[in-house]
Amino acid sequence: MRLWGIALLIKDDLYLLLDETRELAKAPFYNSDFKKYLSKLNETIEYLIGHYDKLPITANDFRSVVNLFWTATKYLKGSTSNQIPHETVYALRRVLEEWMGGSFLITTALLDEPNYHFLGVNPGHIIKDLISRAPAIKEIDIEVIQIALPRLYRHRPLNNVALYHELGHFVDSYFGIIKYYILQRKLAGQNLDEREINHLKELFADLFAASYTGDAIKCFLLSFAEGNPASLTHPATSNRVKYIDDFLSGKNVKLVDDFNRILDLRKLPLLEIKYTEPDIEEAFNDIKPYAIANNKELHGMNMIGRAFLKKAMQQTAEPWKSMPENKVSQIINDLVEKSVRNKMLKEKWGNASTTS
């Protein structure tokens, strides 16, 4: 028998999580893959409860798994059909399809704080590790990307450009870009300390985001971290902005070249401009969504949408000068959402026609 105190608490947590996953199974999800993922989490929890005293797994291992499931359910709650920011996730999916095909699932947590992050722990990987000790546990064979954004920004797609940066962290983690960079430096006789490694991770994510969103990611950095000095975890904001500016202006940036050599060796997409700026002015000034032509325009909505919003907020011309200030941002973000949603629907109907 396991020690009574910790065993009772962990097993009780497993029962509570089982209730959570069963309740979540009743919720509507727009994608059937969510149901499959949730079903596998449910099955694993049931198995752990039923074999709790028989498995060659330590109490600490059990606690780690319980914490993992706890987090997974939080991200699934933000992924139900009535919670998930569909348009933002759609744009992120288009990015990931370019890098890794379609075998992935994006789950979202909605935070009651002004923060964004990517959780670099995939529940499927932890469960895969358990399989060797508990072979009856079924592997979760889908790559799960867990991202978080402020709940207040769920319908503010122009505020969520930071998620491209977070996706850059996922790509780095999944493909080991910075690890390859560190290895190359070691082979050249140079060792990097923790601070340098952390800064490289942030700069890769910045450049990744800039390749899809242009200076929209720079605007985000200047609004969220303006004047921040260098720290153990992040470069100075001014340094990050300079890298973005130089990259976008077409200057020769050694770090970009270094990253692209690694990406090329790994047969991955390069860091290069992957957006175009759609001409939204006529449609938006008429309070109508813009017909997004392709994925490059989809990503370009971040940059041009922010520029349009900045101009409209000056309220020097109709229809914006006649509106309450708080309505200007709401309407323009709504127009961006509807533009993306129309592209989603057009794509869905196109796929349906192809397969019918």
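The values are calculated or read from the model by the stated rules, or taken from the named source; none is laboratory data. All figures in this text were calculated on a predicted structure; none of them were measured in a lab. All Cβ positions, glycine included, derive from the backbone under ideal geometry; neighbour counts span all protein chains shown. Only protein heavy atoms, including side chains, enter the accessible area calculation; ligands, DNA and RNA are left aside. Shrake-Rupley method; radii C 1.70, N 1.55, O 1.52, S 1.80 Å.
Restricting attention to the stretch 124-142, does a residue exist that is of a type in the set (A, V, I, L, M) and at pLDDT 85 or above?
Keep residues of the stretch 124-142 that are of a type in the set (A, V, I, L, M), which gives 126-127, 130-131, 134, 136-137, 140, 142.
Then keep just the ones that are at pLDDT 85 or above; that gives none.
No.
Mind listing just one residue for me: the one in the stretch 177-187 that is open to solvent by 10 Å² or more (accessible area, probe 1.4 Å) and not polar (S, T, N, Q) and, of those, nearest to the chain's Cα centre (by Cα)? Filtering the stretch 177-187 for residues that are open to solvent by 10 Å² or more (accessible area, probe 1.4 Å) and not polar (S, T, N, Q), the one nearest to the chain's Cα centre (by Cα) comes out as 179.
The rows are residues; the columns are (1) at pLDDT 95 or above; (2) assigned to a helix (DSSP H, G or I); (3) more than 30 Å from residue 328 (Cα to Cα).
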{"site": "219", "(1), (2), (3)": "no, yes, no"}
{"site": "229", "(1), (2), (3)": "yes, no, yes"}
{"site": "244", "(1), (2), (3)": "yes, yes, no"}
{"site": "262", "(1), (2), (3)": "yes, yes, yes"}
{"site": "284", "(1), (2), (3)": "yes, yes, no"}
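Considering the stretch 110-123, the residues that are open to solvent by 50 Å² or more (accessible area, probe 1.4 Å) and modelled with pLDDT of 85 or more include one that is farthest from residue 45 (Cα to Cα), namely 114. On inspection, residue 166 qualifies as open to solvent by 20 Å² or more (accessible area, probe 1.4 Å) and either without any contact (Cβ under 8 Å) to a residue 12 or more places away in the chain or under 9 Å from the mean Cα position of the chain (by Cα) (or both). Entry remark, the stretch 68-91: residues being surrounded by 14 or more Cβ atoms within 10 Å (Cβ to Cβ) and more than 30 Å from residue 346 (Cα to Cα) number 6 in total. Per this entry, residue 155 is counted among residues that are assigned to a loop (DSSP other than H, G, I, E, B), touching a helix residue (DSSP H, G or I) at 6+ places or on another chain (Cβ under 9 Å) and touching a residue at least 24 places away in the same chain (Cβ under 8 Å).
Taken over the stretch 64-90, the criterion of being out of contact with any helix residue (DSSP H, G or I) (no Cβ under 6 Å at 6 or more places or on another chain) and either assigned to a helix (DSSP H, G or I) or of a type in the set (Val, Ile, Thr) (or both) is satisfied by 64, 65, 67, 70, 71, 74, 75, 77, 80, 84, 86, 89. Across the stretch 91-109, the number of residues qualifying as at pLDDT below 90 and either in a loop (DSSP other than H, G, I, E, B) or not small (Gly, Ala, Ser) (or both) comes to 9. State whether the residues of the stretch 214-224 include one that is of a type outside the set (Lys, Arg), free of Cβ contacts under 8 Å to residues at least 12 places away in the same chain and not assigned by TED's automatic domain parsing to the domain that holds residue 327. Looking for residues that are of a type outside the set (Lys, Arg), free of Cβ contacts under 8 Å to residues at least 12 places away in the same chain and not assigned by TED's automatic domain parsing to the domain that holds residue 327, one finds at least one in the stretch 214-224, hence yes. The set of residues from the stretch 235-274 being touching a residue at least 24 places away in the same chain (Cβ under 8 Å) and open to solvent by 70 Å² or more (accessible area, probe 1.4 Å) comprises 265, 266, 272, 273.
Condition check for residue 190 on (1) part of a helix (DSSP H, G or I); (2) surrounded by fewer than 22 Cβ atoms within 10 Å (Cβ to Cβ): one failure, at (1). Among residues of the stretch 322-342 that are closer than 11 Å to residue 309 by Cβ and among the hydroxyl-bearing types (Ser, Thr, Tyr), none has a beta-carbon under 8 Å from a residue that is modelled with pLDDT under 95 and part of a helix (DSSP H, G or I) at least six positions away or on a different chain. For the stretch 313-322, filtered to residues that are open to solvent by 40 Å² or more (accessible area, probe 1.4 Å) and of a type outside the set (Val, Ile, Thr), the residue that is nearest to the chain's Cα centre (by Cα) is 313.
Which number in (1) open to solvent by less than 50 Å² (accessible area, probe 1.4 Å); (2) in a loop (DSSP other than H, G, I, E, B); (3) of a type in the set (Ser, Thr, Tyr) marks the one condition that residue 211 misses? Answer for residue 211: the failing condition is (2).
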